[in-house]
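Asker: Here you go, one structure.
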Amino acid sequence: MNPASYLTLAAILFCIGLYGVLTKRNAVIVLLSIELMLNAVNLNLVAFSKYGVQPSFTGQLFSLFTMTVAAAEAAVGVAILIALYRARATVNVDEFDELRR
Amino acid sequence: MIFNIELTGEFIAFFLLAVCAIAGAVLALSLTKVVHTTLSLAFTFISLAGLYVVLGAEFVAFVQVLLYVGAVTILMIFGIMMTRHQDTEERSRPLLEALAAVGCIALLGILIFAIRDAGFTAGGAALAADSTREIGRLMFTEMAIPFELVSVLLTVAFIGAVAIAKREEDAE
């Protein structure tokens, strides 16, 4: 099978995630859209680990590292979300605009 | 070029799982309640785990289910639970959404053109069948230092997350 199919699927998922990050106002949905974008990158890595010019397991290993960093990012993101919610009593990202005023 | 595909089992599995993944992602952005969005994205993550199995990466698929469906989605549900949501998106911003849609579709077009233009072909040698054993061997020989660094990063991030979420509580 052609690796281009997997890369196209990953591109579609990445663009859906990017659209979610840009348009959604709820911070939880923004964080989840970032996870979706990271997943699309993982799909690229695993697809190249099987269908690349030189197939090797390094791609799968790198996708594991990416997942670890994504988990750390999600944990810190939710912690910041809760801290911000305590300070401002809202989760809408366009109301966190103190630095813009 | 797209249409002369042979209907192998891998293609059928890829097609079904790809439709599931894209449907979950699109549904996640169109649903109004936050919990529904989270569950819909969990469906996308499970479909991606299926795609990893199709690609012969069973260990990565297992970690995907364990980490994304089991941990990240549940963490987000806890985040929803700890904060108060006015369940629906109240006012939409049509100009921003149109601009973002145009930008994303343009990026998608560029990416698909680049992928089609690059002319990837399937590589020569096949991978070893036992992917879990090979990943374990690589992780503790060649990739030992990145593995340790990632574990340090994870510890630091989780301690930092606990510190951020806890200090505000003391300040009140």
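Asker: Scan the helices (runs of 4 or more DSSP H) fully inside the range B:68-172 and keep the ones with 3 or more residues being at pLDDT 90 or above and more than 9 Å from chain A (Cβ to nearest Cβ).
Answerer: B:94-118, B:144-171
Asker: Which residue out of B:Ser30, B:Ser47, B:Ser40 is closer than 16 Å to A:Val41 by Cα and either more than 9 Å from every other protein chain (Cβ to nearest Cβ) or modelled with pLDDT under 90 (or both)?
Answerer: B:Ser47
Asker: Consider the range A:9-29. How many of its residues are of a type in the set (Val, Ile, Thr) and surrounded by fewer than 21 Cβ atoms within 10 Å (Cβ to Cβ)?
Answerer: 2
Results for (1) within 7 Å of chain B (Cβ to nearest Cβ); (2) without any contact (Cβ under 8 Å) to a residue 12 or more places away in the chain; (3) within 24 Å of B:Ala28 (Cα to Cα), shown as yes or no for each residue.
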{"site": "A:Thr8", "(1), (2), (3)": "yes, yes, yes"}
{"site": "A:Ile34", "(1), (2), (3)": "no, no, yes"}
{"site": "A:Ala40", "(1), (2), (3)": "no, no, yes"}
{"site": "A:Gln60", "(1), (2), (3)": "yes, no, no"}
{"site": "A:Met67", "(1), (2), (3)": "yes, no, yes"}
{"site": "A:Ala70", "(1), (2), (3)": "no, no, yes"}
{"site": "A:Ala74", "(1), (2), (3)": "yes, no, yes"}
{"site": "A:Ile82", "(1), (2), (3)": "yes, yes, yes"}
{"site": "A:Val91", "(1), (2), (3)": "yes, no, yes"}
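Asker: Right, something else. Any chance the range A:62-75 includes a residue that's open to solvent by less than 20 Å² (accessible area, probe 1.4 Å) and among the acidic types (Asp, Glu)?
Answerer: Checked against the condition, which is being open to solvent by less than 20 Å² (accessible area, probe 1.4 Å) and among the acidic types (Asp, Glu), the range A:62-75 yields no hits at all.
The values are calculated or read from the model by the stated rules, or taken from the named source; none is laboratory data. All values reported here derive from a predicted model rather than from experimental measurement. Positions of Cβ are backbone-derived with ideal geometry, glycine not excepted, and every protein chain shown enters the neighbour counts. With ligands, DNA and RNA removed, areas are computed over all heavy atoms of the protein, side chains included. Shrake-Rupley method; radii C 1.70, N 1.55, O 1.52, S 1.80 Å.
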